[in-house]
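**Q** This structure is in structure tokens; I'll ask about it shortly.
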Amino acid sequence: APFLFSAAGTDISEIRSGVLAESIRRGDTAIEKIVRRAATWIGVAVGNVANLLAPDVVVLGGGLVEAMPTIFVDEVEKAARNHAMETFSRSMRVVAARLGDEGDQNNRGRHHEQGEDRSPDTVPSATKGAARIGIVVERDR
């Protein structure tokens, strides 16, 4: 992973989703394989959750999804469909979030209006740039 090394060095805390995406764009198949494997395991979890909640939509967000939406959503969706029961697999959609960090700000505002304290001091620091998965169940089953 020559590009990854030159961009982030050996400090794993310096490796960001944009650097991983650029490394993949430059042809680093080892990094792509690692990202696809991680997305596959998330998809397995999503498929298992689908069996419990029967969601209509699964919304994926966070740095990796924003940097590599096609790779990440495709792998999660494929694994989720393989692990969900057929009836749930056919009916659910897996999509990338569209609001990014702006969505976090909108959520904080909505929670504030509802009387919940979601100020930056009370929101866990891990939410900034962290992976997010939303499950939407809209119809009665």
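**Q** Can you tell me which residue is farthest from Arg36 (Cα to Cα) among those in region 1-24 that are of a type in the set (Ser, Thr, Tyr) and assigned to a helix (DSSP H, G or I)?
**A** Among them, the one singled out is Ser6.
**Q** Counting only residues that are farther than 16 Å from Asp74 by Cβ, under 17 Å from the mean Cα position of the chain (by Cα) and open to solvent by 50 Å² or more (accessible area, probe 1.4 Å), how many does region 16-44 have?
**A** So the count comes out to 1.
**Q** Hey, another quick one. Looking only at region 45-58, count how many residues are hydrophobic (A, V, I, L, M, F, W, C) and surrounded by fewer than 16 Cβ atoms within 10 Å (Cβ to Cβ).
**A** 4
**Q** Right, here's the next one. Based on what the data block shows, is Gly61 open to solvent by less than 30 Å² (accessible area, probe 1.4 Å), under 13 Å from the mean Cα position of the chain (by Cα), at pLDDT below 90 and not aliphatic (A, V, I, L, M)?
**A** No, not satisfied.
**Q** Can we say Ile71 is at pLDDT 90 or above and under 12 Å from the mean Cα position of the chain (by Cα)?
**A** yes
**Q** Only residues that are modelled with pLDDT under 95, in contact with a strand residue (DSSP E or B) (Cβ under 8 Å, 6 or more places away or on another chain) and either of a type in the set (A, V, I, L, M, F, W, C) or crowded, with 17+ Cβ neighbours inside 10 Å (or both): list them for region 74-93, please.
**A** Hit for region 74-93 is Met92, nothing else.
The values are calculated or read from the model by the stated rules, or taken from the named source; none is laboratory data. As the structure is a prediction and not an experimental result, all values here were calculated from the model. Quick reminder, even Gly has a Cβ in these numbers, built from the backbone with ideal geometry, and neighbours come from all protein chains shown. Just so you know, the surface numbers come from the protein's heavy atoms only, side chains and all, with ligands and any DNA or RNA stripped out. Shrake-Rupley method; radii C 1.70, N 1.55, O 1.52, S 1.80 Å.
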